[in-house]
Amino acid sequence: MFKSVKKLYPMLNQKSGKRIIFESGLFMRSFLTCLLLIVLNASNLCGQIVSEPSVADRPYEEELKNKLEQTYFKNVSEQVFTIEYKKESKIGFHYKFKHSFKGYPVYDSYILVHLDKTLKPYLVQTNLKEITKEVTETDFKGQNTWFKTDGDLVAARQVLEFNVEKGQNFAMVYDRYGRILSSNDPRLYFFKKDSMVSAMVYLPNPIVTDNAKYGGSYVDNVNKTNSILDNARRKVRFPATYDSGKFILQHDKFRIKDLNPPIEEPVQPTDTFFNYKRDESGFEDVNAYYHIYAYYEYLKGKGFVDLIDSIEIDSHGENGDDNSFFDPSKYPFTLEFGTGGVDDAEDAQVVIHELGHSLSHLAATGTANGGERLIMEEGQADYLCLSYSRSLSSNHPYRVFSWDAHNEFWDGFNGNTTLTYPERSGIKDIDREIWSTALICMLEKIGREKSDEIVLNYYYHQVGNSNMPAMARVILKMDSMLHGGKHVAAIWQCFNDRQILDTVPWYLIGVRDLVRNPDYKLINSYAFSLGLEPAEIKIAKNVDLSSVEIYDQLGQKLRTIESGEPLIMHPEDFVPGIYYIRLLLMSGKNTEPLKLIR
Ligand SMILES: [Zn+2]
C-alpha cells in the first residue's frame, strides 16, 4: 500500500538566482518544519520543499512517526506516538497517532495526519495534551492511562461502566484514590428529540411522500394505522438471508436484533413479500433494514464501503423511549430506535441520521469530544438525513425528522436556520442547525453527488475540540482536492452566509479598487503548468510596482516578492493547484488577479 519513502521526499531543487521569500520569512527546508506549518492554509508549500531523508529505505510510517515525535516531544522524554488507525479515502490516507508516556496512553491525546495519494502530508490536526515539564507522578497498580488535569499529568485508570440509573455505559477515568477525573457518555444521541424479497416501506416517511402536515390522518394515534398511512408505503426490493424456510433480516455488515426492551423479536417471514403495516412490528424491522441497506449500497457505489462495519439494529429499543442512538462503545456497534411517540424506525430520516453517526465514528474513531465537535456531529448527521430524503422526494426539503418530530411529541430540527455562527447559543440542539444549514446550502449549490462526497471525505478529518471555522476550511480543502477548487467560491459563500467564515476573498469573486490596464503580462504559464519551466511576470518600465503577492485558492498569502527581485515562479515550489497573483502598485492600487495553474 505504501510506496517507498523516496517518492515522499523529492530532492530539494538547487536553483540559481535569488530565492523567493516566504511570507513567514522562513525557508521550509525540512520536513519537520513543513509538518509544523501544515496548518491548512500553508499546506500548499509543503511537500516539495523538504530535505532528502537520511535513510531512504526506512519504512515510511516509521519515518513519519519519528518526525512527529521530534516535532512534538521536545521537552520531556519517554513520549511516543503509535498508530491507532490508518484509513484510506478517495483523497488519500488518514492516520491517527496516539500519544503515550512511560508506557501508558495519555487520555484523549492524539494527532491526525493526512497524506494525499502521493503520500505528501497536507494536513496535521492536533489534539495533544502537551507535557511541558518533567512528571513527578508515579504509576500505581491498575493504571492504564495518564490524564492531563489543569497543569499536571496524573496517573489514572479508565474503565467503561454501566450506569444503572441512566441505563447506559459511561467511560470513567479515576485517579489512584478512586476520585473521578472524567465521565463521558460515549453514545451519540439525539434527545428529543438511527435471495431478493420485496417489502412495503416509507420513502422516507408519509409526511414527505404525501407532502402532508402532521395532523388529521397523519398522526401517530398510538401506533395505529389507517388507509392513508398504508397508502403512503412504497414497494422496494432488497436481499435477505434465507434459512430453513425463513427470511432473516441479516446482511454481512448489519442485522436486525432485539437488544433492549421492548422485547420484539425480529420478524422472520416465510413469504418473499414483506407486506407489513405500521402497526405491526415487522414494519419497523423492514423499514430500518431497507434504508440501511440502501445507504450501504449508495456508499459502496461511492467507494466508502469501509464506513459501515458490523452494526446490530434494534428497531424497537431504547426501553420504549422516544429516542434513538448509535453506540460506538459496543462491538458490533449498535443502533437502537425508540418506540415512544412515532416509532423512530418508521422514519427513514431518523434511520439515516443515526447511521450517519456510525459513519462518522468509523471515519474518525475516538474524536467525538468537545462542544463544537459534537454540535457539528449532529449537524452533519442531519445533513445526511436531509440529503437522503431529498434523493427520494423534494417535499419538505429542510425538515429533519419530519414524521418522528414536528408534532405533538417534539419539535425536530431544520436545515434552513437564519441563525449565524456569532449568534450561537451554546446549546447543541440549536447550534447544530447552523452547521447543517451551511452544508445543505452547499448541496443546493453543487448538487448532492459532489456535496455528499465532500462531506463523507471530510468525515476522516474530524478532530476533537474543533470548531466550525476550522472545519469549514477543511470542507473547502476537500473541494480543492476532489474538484480542483472549482466550487470553493460557492461553498465559501454558504459558510459566509452563516458567518462561519469571513467574506469570500476578492480573488475568488472579483476585485475592488482596481487598476484596469496596467502594462504587465504573465508569460510561460503553460510550460509552468506542466512543471517544465518557470513562469515569469513581465512589467513595463513605466509601471510603478510595489510588490507581488501570491495566494492559494483558500485565501492564504503564500509569498511576497518585493519590487526589484526577479518575478519568477519555479514550478517545483508549487504543489498542483490554482494560485492567484496580485500586483500592488506604489499608488496603493492593485491589479486584477492573475491566475496561475500548476
Ligand atoms: Zn444524532
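Since every read-out is calculated from the coordinates, none of them should be taken as a lab result. Just so you know, these numbers come straight off a predicted model, no measurement behind them. Heads up, the Cβs are rebuilt from the backbone with ideal geometry, glycines too, and the neighbour counts pull from every protein chain shown.
In this structure, the pairs whose alpha-carbon distance is over 32 Å, taken from K67/K330; K246/K330; K246/K300; K141/K253; K65/K257; K90/K330, are K67/K330; K141/K253; K65/K257.
Charged side chains reduced to their Cβ positions (Lys and Arg at +1, Asp and Glu at -1) give the range 258-345 a dipole of some 440 debye around its Cα centre. Listed values for the range 305-319 are Karplus-derived 3J(HN,Hα) couplings in whole Hz (6.51 cos²θ - 1.76 cosθ + 1.60, θ = phi - 60°), namely 4, 5, 7, 10, 8, 6, 10, 9, 10, 9, 7, 9, x, 6, 6, and x replaces Gly and Pro. Database remark: amide H of Y85 closer than 5 angstrom to the amide H of K96 (H placed geometrically; neighbours at sequence offset of 5 or more, or on other chains; Pro and chain starts carry no H).
In summary, the lysines within cross-link reach of K538, defined as a Cα separation below 26 angstrom excluding same-chain residues under 8 places away, comprise K15, K18, K521, K557, K589, K595.
With a/c under 1.5 counting as rounded, go ahead and sort the range 511-597 into rounded, prolate or oblate using the C-alpha gyration tensor (a ≥ b ≥ c being the square roots of the eigenvalues; past the cut-off, prolate if a/b is larger than b/c, else oblate). Because a/c hits 1.5 or more and a/b exceeds b/c, the range 511-597 counts as prolate. In order along the range 561-570, the Karplus-derived 3J(HN,Hα) couplings, from 6.51 cos²θ - 1.76 cosθ + 1.60 at θ = phi - 60°, round to 10, 6, 4, x, 7, x, 8, 10, 10, 8 Hz, and Gly and Pro are given as x.
Within the same chain, lysines fewer than 8 places from K224 are excluded, and of the rest, those with a Cα less than 22 Å from its Cα are K192, K193, K213, K235, K277. So for the chain, Kirkwood radius off the Cα pairs, Stokes-Einstein at 10 °C and 1.306 mPa s: how many µm² s⁻¹? Rounded, D is 60 µm²/s. Nearest 5 percent is fine: what portion of the DSSP beta bridges confined to the chain is antiparallel? If we restrict to bridges inside the chain, about 85 percent are antiparallel. Scanning residues 5 or more positions from S217 or on other chains, none has an amide H under 5 Å from its amide H, with H placed 1.01 Å from N in the peptide plane.
Calculated [222 nm] ellipticity per residue, helices only, for the chain: -8000 deg cm²/dmol; basis is -39500 (n - 2.57) per DSSP H run with n ≥ 4, divided by all residues, nearest 500.
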